[in-house]
1. List, in order, the whole-Hz ³J(HN,Hα) value for each residue of the range 44-57 obtained from phi through the Karplus relation with A = 6.51, B = -1.76, C = 1.60 and θ = phi - 60°; use x for Gly and Pro.
2. Over the range 143-285, what is the relative contact order in percent, taking alpha-carbon pairs closer than 8 angstrom and at least six residues apart?
3. Ranking Trp277, Trp179 by Cβ neighbours within 10 Å, fewest first, what do you get?
4. Based on the Kirkwood radius over alpha-carbon pairs, what value in µm²/s does the Stokes-Einstein equation return for the translational diffusion coefficient of the range 271-323 at 25 °C and 0.890 mPa s?
5. What per residue convex hull volume, in Å³, comes out for the range 155-261 when only alpha-carbon positions are used?
6. Could you line up Arg94, Arg314, Arg148 from fewest to most neighbouring Cβ atoms inside 10 Å?
7. Show the residues, 5+ positions off or on another chain, whose built amide H is closer than 5 Å to the amide H of Ala201.
8. Could you give the length gained on full extension between Glu69 and Ser313, defined as 0.36 nm per residue of separation minus the Cα-Cα distance, in nm?
Amino acid sequence: MNNPMNQSITIKIAALILSLTILGTTSHGEEKEIKKGLKIAFVPKNINNPYNVIETGGSMVACKEMGVEGKVVGPSDPSASSQVSYINTLITQRESAIVLAANDPNALIPYLKRAMDQKIKVVTMDSDTAPEGRSIFVNQATSEGIGRGQVQMLAKEINNQGEIAILSATPNATNQNTWIKFMQEELQKPEYKGMKLVKIAYGNDEDQKSFTETQGLLQAYPNLKGIISPTTVGVAAAARYLSTSPLKGKVALVGLGTPNQMREFVKDGTVKEFALWSPADLGYLAAYAAAQLASGNIEGKEGETFTAGKLGSRTIGKDGVVILGPPTVFTAENIDQFNF
Ligand code: RAM
């Protein structure tokens, strides 16, 4: 029984079983550790848009869960030139990662490349740069689905007939411009031949400018039947304008809005439906992606997977894109179930 030879065989078998178990778990993608001492900075398009506050709020929740030191910095106007000085400062502060909602697809690339050259990981969320400016883009949903979905929503309300306009955010916003491209493609379909896009206006994600632009659209195009506003700031301002105008209920308005900003306009009949994803979950997912990159667990390559706390496992797609999930459509029936 106490034969030392037997004992050594038993120990070797035990070690073998243990190593097989560890290998087994690894090949099934166990939760890889987040490095200690990471510092991640979040730079939204601008800091005074309620959408961005909710989004980066989600990022901070994720940082807390992971034991990461997170902070939010950024300009008050959604322009790329205003984001530059924040990026430069974050490079000097030697952050582990920068998570950015880009106000322009190209203008920030030299600065982001400088960050990446200095081993700072770069992730975009909400609004992308060209792929060479970052390792991962955390997209809210497929851009194609968002863009085409907006046209389909409006078409339903106006029976596929009439002049329509788009009230966008800033002229250079990567996300809105990508969605608009897919809206224009969707409008080429034969079933929409009775709909005509007469104007794309820009409210610059400023409440007052979006309000005035809505007024301008309605005055310039008296036959306008519908507006698509794929920005939470724009759609809320357009709804506020329409809600006190004689055109309330006559000109349809759809878009991407937060339930809390849109609730009163759904209740008073100005707006029938609009869509959005959870901005907090978007910020949360981007924080996990950045921390996993900065921990060396992923590189941003297609097919890699990583875990993102309560959102579970995510796979990186083509061009380093990670998708949050399909948006929710809000109507009078379900809006009170949401509070953000
Ligand atoms: C605004 C911003 C943001 C966009 C949402 C839908 O808050 O432009 O980038 O994703 O709208």
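1. Couplings: x, 4, 7, 8, 9, 9, x, 4, 5, 5, 5, 4, 6, x Hz.
2. Working: 253 pairs, mean separation 36.1, N = 143.
Once normalised by length, the contact order is 25 percent.
3. On the way: Trp277 19, Trp179 25.
Going from sparsest to densest Cβ surroundings: Trp277, Trp179.
4. Working: Rh = 12.0 Å.
It diffuses with D of about 205 µm²/s by this estimate.
5. Values: hull volume 9.9 nm³, N = 107.
Dividing the Cα hull volume of the range 155-261 by its residues yields 92 Å³.
6. Details: Arg94 10, Arg314 22, Arg148 18.
The order, fewest Cβ neighbours first, is Arg94, Arg148, Arg314.
7. Correct list: Ile166, Leu167, Ser168.
8. On the way: separation 244, 0.36 × 244 = 87.84 nm, distance 2.25 nm.
Difference between extended and current length: 85.6 nm.
Since every read-out is calculated from the coordinates, none of them should be taken as a lab result. For clarity, every value in this text was computed on a predicted model and none was experimentally measured. As a convention, Cβ positions derive from the backbone with ideal geometry for all residues, glycine included, and neighbour counts pool all protein chains shown.
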